[in-house]
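Data block below; observations after.
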Amino acid sequence: MPDTGPPLPPGANTPVEGTAVRIALEVPQLGGATLVVETSGGVRTLEPSDGFARLEPLDGRSMSIEIDLDTVPADVQRLRLCIWSPATNLALATARAAGSVDGAESFTVALPPDGTDLRAAELLELYRRGDGWKVRAIASGWAGHVPAMAQAVGLPESAFPVRSVPAADPRTERDPNPGPASASRPASASRPASASRPGDETAPAPEAGRSAHVGPSPAVGPPALRDVLDMVVGPGLRVGDDSFVDFELHGVFLRLSYESSGDYARVIATTPAGEGTITDTVALAALRATGEAPLGRVSFDSDGAAFVSAPAVAERHHVDTALVKALLGEAWITAHRFGQRIRTARWAFPTLLTEQIPRELRLGVAEELQDVDAWASVRERLEDTSCIPLVDEPAAMLAPTTIGQLAIGPCALAATPRAWTILVERTVRANVYPKPGLWTALATGNGEQSFVRFAVQAEGLPGDPPAIVVGFSALQLPRTQVLEDLGRGLEMVDEAADAIEPMLLDLAADSADYRNNLPWPATRRWTGPGSEIRSHLLVREISGLPAGADVPAQLMKRARAQATSLARPGFGYLAHLALLRAEAKDAASDEWRSVARELVALAPVEPAPGDAPCATASLHVRMNRLDAPRPMRPPPRPAPPAGSPEPTRRRRGLFG
């Protein structure tokens with residue numbers, strides 16, 4: 001079959017520019033294919049009376065599917081192309097679908113090379129988006145053949161009739177004991193049973209000559225998570241009790257823990273991250289991986305094993321597939337980042353974790369975590385309580401206190417940008433030159449059940465020593481008491497910072513604790529301002545300049561003349577662009593530094609009422625670094641006079 005359009009990788013989507021869709025399907029061993037029709041009233045397969053689509057078998061390995069999107073009834077939201085092999089021991093192998101729209105080549109979807117042990121699969125889906133349609137590549141499926149697919153889709157097995165098995169083909173895989181292929185594979189384990197480690201409880205492995213798990217999942221694990229987990233990863237073997245459930249996804253052991261109190265529930269996703277000797281090298285890798293993740297953290301137990309967890313507190317009726325996917329995805333990618341940072345032979349790390357989270361853990365079109373406008377209303381209330389919006393990282397706010405700056409803001413999880421989270425984070429040490437044992441002591445202080453976490457972040461300039469932060473993060477805080485929960489989070493962060501102060505004085509004596517500003521971590525990814533600022537002529541002019549270019553003529557004169565249209569956010573973004581060029585350290589950097597200083601002054605950050613004026617936004621911090629680079633080591637602090645009392649920190653509540 002010739003390619004009829006660009007390949008779509010699993011999870012990718014593209015608009016359907018037209019109405020007449022034709023899909024040419026080719027499968028070496030095709031036992032059947034159909035369209036699963038999702039309507040507002042439920043799920044069914046395509047019926048002969050449906051005039052909007054037609055399936056025409058061409059031979060034993062190919063089929064033509066024609067769909068007229070103009071005639072699809074309004075209550076039909078999604079069309080899913082499902083295929084299956086003729087028998088449980090025959091793989092789909094190189095299944096491919098090539099689509100055209102109004103006669104023009106449009107897309108190609110194929111099962112991935114590592115999916116050759118699938119016996120049933122969903123190749124793609126057509127779904128409504130506004131007034132139009134889009135196509136998404138799924139390219140994933142089940143080793144358990146039709147029974148597993150029917151269970152996952154929510155239809156009887158009779159909805160997917162299997163034609164007779166064709167003559168034997170020596171080129172086709174015939175594996176009577178399929179390997180790990182999908183969400184329906186059992187969570188088999190070979191390690192000793194242990195109630196404290198996900199995946200350690202021994203589950204029965206599939207017998208030789210038999211296929212993977214078929215039928216519903218066993219009734220184990222927290223009742224509130226059973227149906228949700230099946231909807232996310234499909235049915236499979238489970239191990240657990242009313243407080244946790246263990247399972248396996250693509251060979252990776254995962255655990256979901258659950259506890260409830262009144263109207264609220266706490267859910268924690270956990271995965272093992274290897275074991276070995278906990279050295280400062282391993283501990284620093286764990287702290288840096290934690291610093292990159294909005295929710296995930298790496299913790300250690302007394303036996304020298306590492307675990308990654310991602311917690312959430314939500315109203316009980318909000319514990320749904322979106323919440324579970326976000327937590328599992330965050331734990332997955334944080335564990336992968338930890339593994340990428342380890343460079344020691346004394347640590348055995350799982351090898352099955354991938355850089356991209358599995359398709360099962362990506363949020364669907366209809367899934368969102370709370371209201372998309374949630375952060376806007378919280379931001380308004382924070383501004384009313386003297387929090388400062390950042391100029392060049394507009395998603396975050398600064399809460400000035402007498403003991404430092406606390407960054408508060410929403411965070412995008414690894415699984416989806418639609419996650420609504422809040423991060424409260426305080427830098428407790430900067431320019432850290434550690435003594436032996438600091439990173440180990442700090443990392444072992446992180447716990448799966450703790451509401452705060454310690455992390456290490458890189459500061460923005462190459463070669464800068466790292467910073468130590470303590471943070472409180474929450475996913476799906478109740479909308480009715482956001483400020484109350486933020487207030488408690490701030491208190492916990494301050495208490496944790498005070499608790500580690502003696503250790504920092506001993507093991508990081510050369511670090512700086514006097515800095516009242518915000519670091520500029522290189523690990524944080526900022527997507528920039530909205531389209532209105534991006535489309536401004538001056539912004540487009542500067543962002544389009546090649547590396548090393550000189551400052552455009554009369555740039556500041558033109559910027560001041562357009563002050564009304566730029567306003568504070570526009571000046572802030574121009575300053576950010578100018579600082580990027582000043583930080584490049586090339587022949588034009590001095591000229592750009594002068595321009596950046598003027599632009600920063602046009603985007604001021606107002607201090608909180610009653611505080612002394614201070615430059616706290618990251619723009620000001622970067623400007624100060626360029627103007628007066630910090631010494632490699634801060635000056636030693638003077639010793640207090642003999643007999644003087646211990647200094648105390650004055651607290652100021654952010655919310656009164």
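The values are calculated or read from the model by the stated rules, or taken from the named source; none is laboratory data. Since the structure is predicted, the reported quantities are computational estimates derived from the model, not experimental observations. Neighbour counts run over all protein chains shown; Cβ positions are idealised from the backbone, glycine included. All accessible areas refer to the heavy atoms of the entire protein, side chains included, with ligands and DNA or RNA removed. Shrake-Rupley method; radii C 1.70, N 1.55, O 1.52, S 1.80 Å.
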| query | Failed condition for Leu507, given (1) closer than 30 Å to Ser302 by Cβ; (2) open to solvent by 20 Å² or more (accessible area, probe 1.4 Å); (3) modelled with pLDDT under 80, with all others met? | reply | (3)
| query | What do you reckon, is Ala293 surrounded by 18 or more Cβ atoms within 10 Å (Cβ to Cβ), under 17 Å from Phe338 (Cβ atoms), in contact with a Phe, Trp or Tyr (Cβ under 9 Å, 6 or more places away or on another chain) and of a type in the set (A, V, I, L, M, F, W, C)? | reply | no
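Quick one: is Leu55 hydrophobic (A, V, I, L, M, F, W, C), open to solvent by 10 Å² or more (accessible area, probe 1.4 Å) and not in a loop (DSSP other than H, G, I, E, B)?
yes
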| Hey, among the residues in the stretch 586-596 that are within 16 Å of Pro546 (Cβ to Cβ) and open to solvent by 20 Å² or more (accessible area, probe 1.4 Å), which one's modelled with the highest pLDDT? | Glu591
| query | Can you tell which of Gly234, Gly304 is buried (at least 20 other Cβ atoms within 10 Å of the Cβ) and at positive phi? | reply | Gly234
| message | Which count do you get for residues in the stretch 278-290 that are among the polar types (S, T, N, Q), closer than 18 Å to Gln457 by Cβ and surrounded by fewer than 22 Cβ atoms within 10 Å (Cβ to Cβ)? | response | 1
| note | When the stretch 5-45 is checked residue by residue, the ones that are surrounded by 18 or more Cβ atoms within 10 Å (Cβ to Cβ) and part of a loop (DSSP other than H, G, I, E, B) are Leu8, Pro10, Val16, Val27, Pro28, Gln29, Leu30, Gly31
| field | Selection count where residues are at negative phi and out of contact with any Lys or Arg (no Cβ under 9 Å at 6 or more places or on another chain), scope the stretch 542-557 | value | 7
| query | Just for the stretch 63-94: of the residues that are more than 19 Å from Ala137 (Cα to Cα), out of contact with any helix residue (DSSP H, G or I) (no Cβ under 8 Å at 6 or more places or on another chain) and among the polar types (S, T, N, Q), which one is surrounded by the most Cβ atoms within 10 Å (Cβ to Cβ)? | reply | Asn89
| said: Considering only residues that are touching a strand residue (DSSP E or B) at 6+ places or on another chain (Cβ under 9 Å) and either over 21 Å from Gln77 (Cβ atoms) or free of Cβ contacts under 8 Å to residues at least 12 places away in the same chain (or both), which ones fall in the stretch 11-50? | reply: Arg22, Ala24, Leu25, Glu26, Val27, Leu30, Gly31, Gly32, Glu47
